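Encoded as structure tokens, the structure appears first; notes follow it.
The values are calculated or read from the model by the stated rules, or taken from the named source; none is laboratory data. Here the structure is a predicted model, which means the values were calculated and not measured. Cβ sites come from the backbone with ideal geometry, for glycine too, and all protein chains shown count toward neighbours. When the accessible area is computed, the model is the full protein with side chains, heavy atoms only, and any ligands, DNA or RNA have been set aside. Shrake-Rupley method; radii C 1.70, N 1.55, O 1.52, S 1.80 Å.
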Amino acid sequence: MAILYHHPLCPHSRFVRLVMGEYGLDADLVEEKVWERREPFLHLNPAGTTPVLVEASIPSVPGADVIAEYLDETRGLALGDRRLLPEAPRDRVESRRLTSWFNQKFFDEVSSHLVMEKVYKRFMPTNLGGGAPEMAAIRAARSNIRYHLKYVGYLIRQRNWLAGDRLSYADLAAAAHLSVVDFLGDVPWDEDETAKSWYARVKSRPSFRPLLADGMPGMQPSLTYANLDF
């Protein structure tokens with residue numbers, strides 16, 4: 001059995017969980033509080049970030065993008081039309097481009113701020129940076145998410161899925177980051193019905209169910225978070 005070191009509200013961890021769910025792969029989930037910088041975890045990933053995948057007979061696989069590439073290389077070819085990276089080079093480029101957009105740009109501008117300020121700081125000791133949230137960072141993230149949501153809507157008005165005709169890593173990366181923001185109640189869904197409809201499609205997939213059951217001590221998800229008809 002594989003082991004996935006993750007945090008329930010880490011969007012990169014959620015992306016990998018969705019990928020594994022789509023591929024029908026199981027893993028033991030081990031929650032990692034990255035701010036503790038545990039030495040055994042740092043041996044697995046010196047960067048000290050989640051997620052990290054551990055399988056027998058290979059070195060640890062650190063980071064969402066590296067794990068996604070590893071899973072495609074080791075499982076993708078056998079999955080036929082369920083493969084999450086398209087076969088055509090041009091389509092693979094577009095899927096990778098958009099996956100990077102959400103795992104890097106969206107993360108830097110939106111989800112990293114909201115998770116840090118509204119989640120991690122609640123559980124971090126003061127000497128490690130815990131405490132009251134920085135409202136300026138939260139306001140910036142809430143402002144930035146609007147143009148990202150419009151971009152999702154723009155893409156879906158031209159395509160069946162974000163990167164083309166089929167579900168790909170791009171959809172799962174975008175949905176993973178949006179799911180965290182949705183948990184916190186900070187997605188302005190009423191601003192783009194096309195983006196909302198796309199998210200509802202992804203949210204209704206079986207791979208998404210474990211994410212909708214996630215929770216955090218002392219925190220309640222938004223009222224629409226687990227509602228498939230939101």
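Summary table
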item	result
Some residue of segment 139-146 being farther than 21 Å from Lys118 by Cα and either among the β-branched types (Val, Ile, Thr) or modelled with pLDDT of 95 or more (or both)	no
Condition met for Leu162 (touching an Asp or Glu at 6+ places or on another chain (Cβ under 6 Å), modelled with pLDDT of 95 or more and buried (at least 19 other Cβ atoms within 10 Å of the Cβ))	yes
Residues located in segment 94-109, provided they are among the acidic types (Asp, Glu) and exposed (fewer than 13 other Cβ atoms within 10 Å of the Cβ)	Asp108
Test: residue in segment 201-223 that is in a helix (DSSP H, G or I), modelled with pLDDT of 95 or more, over 18 Å from the mean Cα position of the chain (by Cα) and surrounded by fewer than 16 Cβ atoms within 10 Å (Cβ to Cβ)	no
Members of segment 5-34 found to be open to solvent by 40 Å² or more (accessible area, probe 1.4 Å) and aliphatic (A, V, I, L, M), listed by number	Leu25, Leu29, Val30
Checklist (1) among the basic types (Lys, Arg); (2) under 18 Å from Ala195 (Cβ atoms); (3) open to solvent by less than 60 Å² (accessible area, probe 1.4 Å) applied to Lys118, failing item	(2)
Meets criteria (of a type outside the set (Lys, Arg) and part of a helix (DSSP H, G or I)) for Val30	no
Conditions (1) touching a helix residue (DSSP H, G or I) at 6+ places or on another chain (Cβ under 6 Å); (2) more than 24 Å from Ser112 (Cβ to Cβ): number failed by Gly80	(1)
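Quick grid of which residues meet (1) touching a residue at least 12 places away in the same chain (Cβ under 8 Å); (2) open to solvent by less than 30 Å² (accessible area, probe 1.4 Å):
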{"site": "Ile3", "(1), (2)": "yes, no"}
{"site": "Val52", "(1), (2)": "yes, yes"}
{"site": "Ile58", "(1), (2)": "no, no"}
{"site": "Asp65", "(1), (2)": "yes, no"}
{"site": "Arg82", "(1), (2)": "yes, no"}
{"site": "Arg92", "(1), (2)": "no, no"}
